[in-house]
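Colleague: After the structure tokens below, expect a handful of questions from me.
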Amino acid sequence: MARCIFCQIASGEVAVDLIYHDELIAAFPDNHPIRPGHTMIVSREHFPYFEDLPEATANRILHVGQRLASAMKELYKVPRVAFAFTGGDHPHAHAHVIPMHEKTDLTSRRYILEENLTFRSTPQASPDELAETTAQLRRALG
Ligand SMILES: [Zn+2]
């Protein structure tokens, strides 16, 4: 079985420009951002779901999410930032930190009145866009 992509990123096997990293976690831009700045924070060690994370790692993810949220409000001029573990796409605990330009940037189908919706992937960001996001947020975290 192929090794988990987030484990490979966290260990440096797959080279990704990191916004933040320490002994417990790594943060990098989502390459299909809902909005510019959309960041993922992963544990360095493999845990399938967020409820499996050791307390110190979970706390660190939340703390760095808070710092990113403050930075994103400044950088992207948004009133709020979403922080979510959705667990829907990849079985390695990862938080999404998303600048909220509109209420629907992160929502539930249950809030939507229309019965028939068509979903699509958000466009893949270019390497230049991802590098800019990384540089901006890395600088903002100091
Ligand atoms: Zn993993």
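The values are calculated or read from the model by the stated rules, or taken from the named source; none is laboratory data. Only a predicted model underlies this, so the values are computations on that prediction, with no experimental measurement involved. Because the Cβ atoms are built from the backbone with ideal geometry, glycine has one as well, and the counts that use them run over all protein chains shown.
Colleague: Looking only at the stretch 83-102, how many residues end up being hydrophobic (A, V, I, L, M, F, W, C) and either surrounded by 19 or more Cβ atoms within 10 Å (Cβ to Cβ) or more than 21 Å from ASN59 (Cα to Cα) (or both)?
Modeller: Going through the stretch 83-102 one residue at a time, the tally reaches 5.
Colleague: List, please: which pairs have Cβ atoms under 6 Å, are six or more places apart or on different chains, and start with a residue in the stretch 54-66 that is in contact (Cβ under 8 Å) with a residue 24 or more places away in the chain and end with one that is surrounded by 12 or more Cβ atoms within 10 Å (Cβ to Cβ) and of a type in the set (Phe, Trp, Tyr)?
Modeller: Listed by first residue and then by second, the contacts come to VAL64/TYR20; GLY65/PHE83.
Colleague: Hey, another quick one. If you take just the strands (runs of 3 or more DSSP E) that sit entirely in the stretch 1-98, which of them hold at least 2 residues that are within 16 Å of the ligand (Cβ to nearest atom) and not polar (S, T, N, Q)? Can you show your working first?
Modeller: On the way: elements: 25-29, 39-43, 80-84.
Output list reads 25-29, 39-43.
Colleague: Please go through the stretch 97-121 and give me each residue that is of a type in the set (Val, Ile, Thr) and in contact with a strand residue (DSSP E or B) (Cβ under 7 Å, 6 or more places away or on another chain), ordered by number.
Modeller: Answer for the stretch 97-121, where residues must be of a type in the set (Val, Ile, Thr) and in contact with a strand residue (DSSP E or B) (Cβ under 7 Å, 6 or more places away or on another chain): VAL97, ILE98.
Colleague: Now for a separate question. Of all residues in the stretch 108-142, which are among the charged types (D, E, K, R) and more than 30 Å from LEU18 (Cα to Cα)? Step through it out loud before you land on a result.
Modeller: Narrowing the stretch 108-142 to residues among the charged types (D, E, K, R): 109-110, 114-115, 120, 128-129, 132, 138-139.
If the condition is that a residue be among the charged types (D, E, K, R) and more than 30 Å from LEU18 (Cα to Cα), then ARG109, ARG110, GLU114, GLU115 are the ones that fit.
Colleague: Check VAL14, VAL42 and return the single one that is surrounded by fewer than 18 Cβ atoms within 10 Å (Cβ to Cβ) and under 24 Å from SER121 (Cβ atoms).
Modeller: Testing whether each residue is surrounded by fewer than 18 Cβ atoms within 10 Å (Cβ to Cβ) and under 24 Å from SER121 (Cβ atoms) leaves just VAL14.
Colleague: Let me ask something additional. Report, by residue number, each residue of the stretch 94-139 that is among the small types (Gly, Ala, Ser) and modelled with pLDDT of 95 or more.
Modeller: ALA95, ALA125, SER126, ALA131, ALA135
Colleague: Here's something else I'd like to know. Conditions first: (1) in contact (Cβ under 8 Å) with a residue 60 or more places away in the chain; (2) assigned to a loop (DSSP other than H, G, I, E, B). LEU130 passes all but one, so which condition is the exception?
Modeller: Of everything listed in (1) in contact (Cβ under 8 Å) with a residue 60 or more places away in the chain; (2) assigned to a loop (DSSP other than H, G, I, E, B), LEU130 misses just condition (2).
Colleague: Residues that are without any contact (Cβ under 8 Å) to a residue 40 or more places away in the chain, assigned to a helix (DSSP H, G or I) and either under 15 Å from the mean Cα position of the chain (by Cα) or closer than 23 Å to GLN8 by Cβ (or both): does the stretch 109-119 have at least one?
Modeller: Looking for residues that are without any contact (Cβ under 8 Å) to a residue 40 or more places away in the chain, assigned to a helix (DSSP H, G or I) and either under 15 Å from the mean Cα position of the chain (by Cα) or closer than 23 Å to GLN8 by Cβ (or both), one finds none in the stretch 109-119, hence no.
Colleague: Here's something else I'd like to know. Please go through (1) within 15 Å of the chain's Cα centre (by Cα); (2) surrounded by 18 or more Cβ atoms within 10 Å (Cβ to Cβ) for VAL78 and return the number of the only condition it doesn't satisfy.
Modeller: Here VAL78 meets the rest and fails (1).
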